[in-house]
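The values are calculated or read from the model by the stated rules, or taken from the named source; none is laboratory data. Only a predicted model underlies this, so the values are computations on that prediction, with no experimental measurement involved. Every residue, glycine as well, gets a Cβ built from its backbone with ideal geometry; the counts of neighbours run over all protein chains shown. Ligands, DNA and RNA are excluded from the accessible area calculation, which covers all protein heavy atoms including side chains. Shrake-Rupley method; radii C 1.70, N 1.55, O 1.52, S 1.80 Å.
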Amino acid sequence: MHPAVKNGAYDVERIREDFPILATPVYGKPLVYLDNAASAQKPKAVLDRLQHAYTAEYANVHRGLHYLANAATEAYESAREKVAAFLNAGRKEEIVFTRNATEAVNLVAYTFGRERIKAGDEIVLSIMEHHSNIVPWHFLRERQGAVIKWAPVDDEGNFLIDEFEKLLGPRTKMVAITHMSNMLGTVVPVKEVVRRAHARGIPVLIDGAQGAVHLDVDVQDIGCDFYAFTGHKLYGPTGIGVLYGKHEHLAAMPPFNGGGEMIREVFEDRITYGEPPHKFEAGTPPIVQAIGLGAAIDYVGSIGKARIRAHETELRKYAHERLREINSLRIFGTARDKGAIVSFEMKGAHPHDVATIIDRAGVAVRAGTHCVMPLLARYGVTATCRASFALYNTRSEVDRMAEALIKARDLFS
Ligand SMILES: Cc1ncc(COP(=O)(O)O)c(C=O)c1O
């Protein structure tokens, strides 16, 4: 257990000491980093683990017979076990390492999707999807003639499960849906989504790029066919993502990329493929990144997801309170079940200008489309600002953001 959370405490200042970058001054001011939904900062435990992997146990994996090859393979495969435990997968062979969540979704669309989805077949997405969980399905629309249907949200950003269910029909071949919206923060009741889809024999992919960071994930309890997430938002390195897939699917799916490691035998006139997960990990995998992700999972586990969620929820509620006091702000997303993300716009100011101005006060927020253009269109805007919270953020940082926004408002009014 992390010393910061002993005896029921949540010593956020102690947690912050684990993240060297948070001490970086920005324009001579202390950094307030609220761009965590885009990518989170890394604790020393992860940085040290990466360093150790490169300095003490580095070689290519699975191929060598020498000491370092074995050490690297063991560390890489032990990271797979950590991910399997993190998601409560039934077996570690259900965990495929990818470059990121985007590649995990593409893998499913290109293999599982392309095999099953023909002209006129339907794919149901939610209107909240990130482009990573839209574009690969658009490829199937463009190339195979598939039809995409969009499950709506209400004005507050609540996911409308009964409206979603009405979209499921005899031609629905796939549901691909986010666990938690990266703009609204809305949490989707994925277990119920899976229940209703499976009742009609429809497989479900969950985009857990945000969900895996903030919510408990038990893929067996949820019952999903696929779950994708990305390491860099979970305090791990870039260049590593995860696809969980039910073993029966992974075993039946054709491979994605071709190359070394994913084959069993190659002849001049034929090839045979390896077993999952290696069938989907062509070429040299992101070895050290996977090991770093394992360390990030250990780090999060040492604090405890429930404690982190309680802390972040408190920050998010406080941020709503403070931002509501600023009369020219419109907040997007007040769903009943909502994670630690607050999107907003300021009347009369472009979000890029707002973000640039508050950056001079040391406050880092995101501004732009957040890769959710269909969702922005739903709310009639082309961009928003977004503050997103992590386990190391504090109430005083929320105050710093609010003060910077008040100054920006005064400039624009
Ligand atoms: C909900 C959601 N899905 C997918 C992604 C894509 O993650 P990556 O760029 O690491 O593949 C993101 C990243 O912002 C996201 O927020």
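Quick look at the values:
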item: Subset tally (residues that are in contact with a Leu (Cβ under 7 Å, 6 or more places away or on another chain) and within 28 Å of MET174 (Cα to Cα)) for region 235-273; result: 4
item: Some residue of region 260-272 being closer than 14 Å to PRO203 by Cβ and surrounded by 12 or more Cβ atoms within 10 Å (Cβ to Cβ); result: no
item: Among residues of region 204-219, those that are surrounded by 22 or more Cβ atoms within 10 Å (Cβ to Cβ), of a type outside the set (A, V, I, L, M, F, W, C) and not in a helix (DSSP H, G or I), counted; result: 3
item: Verdict on TYR67 being without any contact (Cβ under 8 Å) to a residue 24 or more places away in the chain, surrounded by fewer than 20 Cβ atoms within 10 Å (Cβ to Cβ) and among the aromatic types (Phe, Trp, Tyr); result: yes
item: Among the residues listed as ILE271, ILE297, the single one being under 23 Å from the mean Cα position of the chain (by Cα) and either at pLDDT 95 or above or away from the ligand (no atom under 16 Å from the Cβ) (or both); result: ILE297
item: Meets criteria (assigned to a helix (DSSP H, G or I) and surrounded by 15 or more Cβ atoms within 10 Å (Cβ to Cβ)) for GLU345; result: no
item: Subset of region 187-202 that is away from the ligand (no atom under 11 Å from the Cβ) and under 21 Å from THR230 (Cα atoms) - its residue that is most open to solvent (accessible area, probe 1.4 Å); result: LYS191
item: Considering residues of region 41-67 that are within 26 Å of GLU94 (Cα to Cα) and hydrophobic (A, V, I, L, M, F, W, C) only, the residue modelled with the lowest pLDDT; result: LEU65
item: Among (1) part of a helix (DSSP H, G or I); (2) open to solvent by 40 Å² or more (accessible area, probe 1.4 Å) - the single one ALA53 does not satisfy; result: (2)
item: Residue in region 238-247 that is surrounded by fewer than 23 Cβ atoms within 10 Å (Cβ to Cβ) and over 30 Å from LYS44 (Cβ atoms) present; result: yes
item: Residues of region 84-94 that turn out to be among the charged types (D, E, K, R) and crowded, with 24+ Cβ neighbours inside 10 Å, as a count; result: 1
